[in-house]
Amino acid sequence: MRQKGRSFPHPYVVLTILEDAETEGEAKIAIIATKSVGGAVDRNQAKRMLREGIGPLLHSIRPNVQIVLIARKKILDCEVPVVNTVLSTLLEKAGALVSEK
């Protein structure tokens, strides 16, 4: 994933995306929070914020993509609507959103 995919960093989260034309079906999304984010409580909070932030965007993500969201420590200092905006911007930069015509 890290070798073939593209990475889009932000102070709150790093988005890595891999387009896989051979895989059929919905997009696959993984959420990671490493020990650099903090203890177990902080890591769970960071993952919870990313899940809540990506939720409203799920319907607009293209199929056949694999996405990894890696939380950074600064995500603990912001609110879910900010995370939603950041994720929307990163997904748009990555070209992962379905274009509405």
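We did not get these values from a lab; they are worked out from the coordinates using the rules stated. Model, not experiment: these values are computed from the prediction. Because the Cβ atoms are built from the backbone with ideal geometry, glycine has one as well, and the counts that use them run over all protein chains shown.
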query = Given that just one value was derived from the coordinates, which of [x] 10.4; [y] 7.9; [z] 6.5 is mean projected area of the Cα convex hull in nm²?
reply = [z]
Net lengthening on full extension, V80/S60 (0.36 nm per residue, minus Cα-Cα) = 5.4 nm
query = Assigning unit charges at the beta carbon (Lys, Arg +1; Asp, Glu -1) and nothing else, what dipole magnitude in debye, to the nearest 20, does the range 6-89 show about its Cα centre?
reply = 420 debye
request  = Would you mind checking the tilt of helix 40-54 against the longest principal axis of the Cα atoms of the chain, expressed as 0 to 90 degrees and rounded to 10?
outcome  = 40 degrees
key: Spatially near lysine pairs across the chain, Cα under 28 Å, sequence gap of 8 or more or different chains   = 21
query = Using 7 Å Cα-to-Cβ label points, what is the D20/S99 separation (nm, one decimal)?
reply = 2.5 nm
query = For the Cα atoms of the chain, what angle does the longest principal axis make with the long axis of helix 80-94, in degrees from 0 to 90, nearest 10?
reply = 40 degrees
The range 42-101: C-alpha gyration tensor shape, a/c 1.5 cut-off, then a/b vs b/c = prolate
key: Signed unit charges on C-beta, dipole axis of the chain, positive-most listed residue V37, S88, G55   = V37
Theoretical ellipticity at 222 nm over the chain - DSSP helices of four or more residues, -39500 (n - 2.57) apiece, nearest 500 = -9500 deg cm²/dmol
note = Counting only DSSP beta bridges with both partners in the range 6-89, the antiparallel fraction in percent, to the nearest 5, comes to 70 percent
inquiry  = Applying a 10 Å radius around every beta-carbon, put 85-91, 66-72 in order of their mean neighbour count, most first.
reply    = 66-72, 85-91
key: Proxy reagent accessibility, fewest Cβ within 10 Å first, across L57, L15   = L57, L15
ask   = Relative contact order, percent, of the chain when contacts are C-alpha pairs under 8 Å separated by at least 6 residues?
value = 36 percent
